[in-house]
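Notes for the one structure printed next.
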Amino acid sequence: MTTNKKAFTLRLNPENFEKIKIIAEHDKRSIAKQIEYLIEQHIEEFENKKAKELEEEKAKELEDKKNEELENERLDNEIVEDNNSDSAKQE
């Protein structure tokens, strides 16, 4: 049976190896499958965290843009009011 998985040598300290072995036995997985599962879980957590950070960043950008637009609108209104006030004084 052929596989498209990459093979490589992994060196672990004996304590971590034993802990992974215990977890693998508990979950009825081989040590290799347990290590692969742990890596996949970590990748998923990382991607979810990054996705959340990107969402928060986009939301902040939108909020900043909205605040900038509101400030521009306020300044525009202020200019119009000043112009109206100046026109009223000239009359």
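The values are calculated or read from the model by the stated rules, or taken from the named source; none is laboratory data. This one's a predicted model, so the numbers in the text were calculated from it and none came from an experiment. Here the Cβ positions follow ideal geometry from the backbone for every residue, glycine too, while neighbour counts run over all protein chains shown. Heads up: the accessible areas ignore ligands, DNA and RNA and are worked out on the full protein's heavy atoms, side chains in. Shrake-Rupley method; radii C 1.70, N 1.55, O 1.52, S 1.80 Å.
The table below gives the values:
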quantity: Net +/- balance of residues flanking D64 in space, Cβ distance below 13 Å, scoring K and R +1, D and E -1; calculated: -3
quantity: In degrees, nearest ten, helix 14-26 long axis to first principal axis of the chain (Cα); calculated: 90 degrees
quantity: Surrounding net charge for L54, when Lys and Arg each add one and Asp and Glu each subtract one, Cβ distance under 14 Å; calculated: -1
quantity: The chain, accessible area per residue, ligands and nucleic acids excluded (1.4 Å, Å²); calculated: 97 Å²
quantity: Rounded to 10°, Cα long-axis angle of helix 31-90 versus longest principal axis of the chain; calculated: 0 degrees
quantity: Rounded to the nearest 10 Å², the accessible area of T9 at probe 1.4 Å; calculated: 100 Å²
quantity: Value of [θ]222 nm, deg cm²/dmol, for the chain, DSSP H segments ≥ 4, -39500 (n - 2.57) each, nearest 500; calculated: -29500 deg cm²/dmol
quantity: Proximal lysines relative to K49, as straight alpha-carbon distance under 30 Å, when same-chain residues fewer than 8 apart are discounted; calculated: K5, K6, K19, K21, K28, K33, K58, K60, K65, K66
quantity: Chain lengthening between N4 and L38 when straightened (0.36 nm per residue, less Cα-Cα); calculated: 10.3 nm
quantity: Accessible surface of the chain, 1.4 Å probe, proportion on carbon and sulfur as whole %; calculated: 53 percent
quantity: Span per principal axis, largest first, for the Cα atoms of the chain (Å); calculated: 92, 31, 22
quantity: Listed residue (A51, N67, Y37) projecting farthest to the positive dipole end of the chain, Cβ model; calculated: Y37
